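The values are calculated or read from the model by the stated rules, or taken from the named source; none is laboratory data. Everything numeric in this text was worked out from a predicted model, so none of it was measured. Here the Cβ positions follow ideal geometry from the backbone for every residue, glycine too, while neighbour counts run over all protein chains shown.
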Ligand code: F6P
């Protein structure tokens, strides 16, 4: 068996643990593993196929990032090409990818990625590529699994940041507005906002009324609490507004979200008269060593993906469902973002703790 591994989309803590798990469990079966560098670019644009054995994956479980490199502009169905004039355009190079896969003599592909990469995996599987997906993203927005690896580490980083912001907020009687990642899902913001004792949590799932946010800050003020912490997901939007974008969709990539914190902060300062500052935590949420939870989940996913190959269960994704790692058909995963359910216990916990969700 010759197994190729690719990591696509944004990096997330735990990617290297998956790679190690795949390589070692393949090795002990007598199989060979190969890493495709920079998403699929190592097959499409340059000779980026590297053999992976035990020496190559030694001591990487705790390392952030991916030893293979990644890109979020490497969709083979919408590959970014450049004319001589410098102008960029998209080209479907999926046939080239399948041909390169076959020419390399691979028997199976393990693709580690988020919703975008899993959609690509699904489409490649429909073209005949024997592929198994592994769900990765700090956003935790992939269906078919209760958790993606990377999420727990991002929440830990965000919670620590919120904890630290309390010092300045309280010492200076300020409102601090923290913008967190997650695209159109509020998992990171809800979990870290709750754990970090935020006073207001604004999620994409609950369009907010800024007056309700200001009411919460005023009522804290009246109760002698002269500071407040507001956490806002990058994909959150006011009831009468739209999601803030840093950059519109470009060739071969997706919209970049961002800017809601400064908008919220300006309005809070204007309506309440409280000095208000912002923090955009950004890529710190993707960095650093994976938590114990993410390491273990990543190792379980990696070995489960190899077992799926052994059983010929192609066109599936491994996922955490209940206490077990299960196989979910990719067609049941793609095109269905997993959002925070509004009737979830965690949302109720926030409300029962007196946290404002802006509604
Ligand atoms: O999907 C992971 C993620 O970090 C999102 O939370 C965020 O919106 C996006 O990637 C940022 O992507 P980039 O690194 O390309 O700006």
Item checked: Residues of region 309-346 satisfying the condition of being in contact with a helix residue (DSSP H, G or I) (Cβ under 7 Å, 6 or more places away or on another chain) and in a helix (DSSP H, G or I) -> 330, 331, 346
Item checked: Every residue from region 245-265 that is more than 11 Å from the ligand (Cβ to nearest atom) and within 20 Å of residue 203 (Cβ to Cβ) -> 259, 260, 261, 262, 263, 264, 265
Next item on the list: Determine which member of the set 13, 54, 76 is buried (at least 17 other Cβ atoms within 10 Å of the Cβ) and more than 21 Å from residue 130 (Cβ to Cβ).
Entry: 13
Check: Just one of the numbered conditions (1) touching a strand residue (DSSP E or B) at 6+ places or on another chain (Cβ under 6 Å); (2) more than 20 Å from residue 136 (Cα to Cα) is not true of residue 349; which one?
Finding: (1)
Next item on the list: Would you confirm whether any residue within region 43-54 is at pLDDT 95 or above and within 16 Å of the ligand (Cβ to nearest atom)?
Entry: no
Checklist line | Residue check for residue 206: in a strand (DSSP E or B) and more than 14 Å from the ligand (Cβ to nearest atom) | finding: no
Item checked: Search result, residues across region 256-273 that are assigned to a loop (DSSP other than H, G, I, E, B) and surrounded by 14 or more Cβ atoms within 10 Å (Cβ to Cβ) -> 258, 259
Item checked: One residue from 161, 154 being out of contact with any strand residue (DSSP E or B) (no Cβ under 8 Å at 6 or more places or on another chain) and either within 16 Å of the ligand (Cβ to nearest atom) or within 20 Å of residue 50 (Cβ to Cβ) (or both) -> 154
Next item on the list: Answer yes or no as to whether residue 38 is within 16 Å of the ligand (Cβ to nearest atom), assigned to a loop (DSSP other than H, G, I, E, B), over 22 Å from residue 318 (Cβ atoms) and in contact (Cβ under 8 Å) with a residue 40 or more places away in the chain.
Entry: no
Checklist line | Selection status of residue 168, farther than 20 Å from residue 359 by Cα, outside any loop (DSSP other than H, G, I, E, B) and either at pLDDT 95 or above or in contact with a helix residue (DSSP H, G or I) (Cβ under 9 Å, 6 or more places away or on another chain) (or both) | finding: yes
Next item on the list: Evaluate the following for residue 248: is it within 30 Å of residue 92 (Cβ to Cβ) and either in the same structural domain as residue 73 (by TED's automatic domain parsing) or surrounded by fewer than 17 Cβ atoms within 10 Å (Cβ to Cβ) (or both)?
Entry: yes
Next item on the list: Quickly run through region 65-93 and pick out the residues that are touching a residue at least 40 places away in the same chain (Cβ under 8 Å) and in a loop (DSSP other than H, G, I, E, B).
Entry: 65, 66, 67, 68, 69, 70, 71, 72, 73, 74, 75, 93
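Here's the yes/no breakdown for (1) under 16 Å from residue 235 (Cβ atoms); (2) surrounded by fewer than 23 Cβ atoms within 10 Å (Cβ to Cβ); (3) at pLDDT 95 or above:
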site	(1), (2), (3)
149	no, no, yes
154	yes, no, yes
157	no, yes, yes
160	no, yes, yes
179	yes, no, yes
Next item on the list: Report, by residue number, each residue of region 60-81 that is closer than 21 Å to residue 254 by Cβ, out of contact with any strand residue (DSSP E or B) (no Cβ under 6 Å at 6 or more places or on another chain), within 16 Å of the ligand (Cβ to nearest atom) and modelled with pLDDT of 95 or more.
Entry: 65, 69
Next item on the list: Name every residue in region 44-64 that is touching a residue at least 40 places away in the same chain (Cβ under 8 Å) and over 24 Å from the mean Cα position of the chain (by Cα), in order of residue number.
Entry: 44, 49, 52
Checklist line | Residue list for region 171-197, restricted to those being assigned to a helix (DSSP H, G or I) and either away from the ligand (no atom under 16 Å from the Cβ) or in contact with a strand residue (DSSP E or B) (Cβ under 7 Å, 6 or more places away or on another chain) (or both) | finding: 171, 172, 188, 189, 190, 192, 193, 194, 195
Margin query: Among the residues that make up region 96-106, is at least one of them under 26 Å from the mean Cα position of the chain (by Cα) and farther than 23 Å from residue 154 by Cβ?
Written below: yes
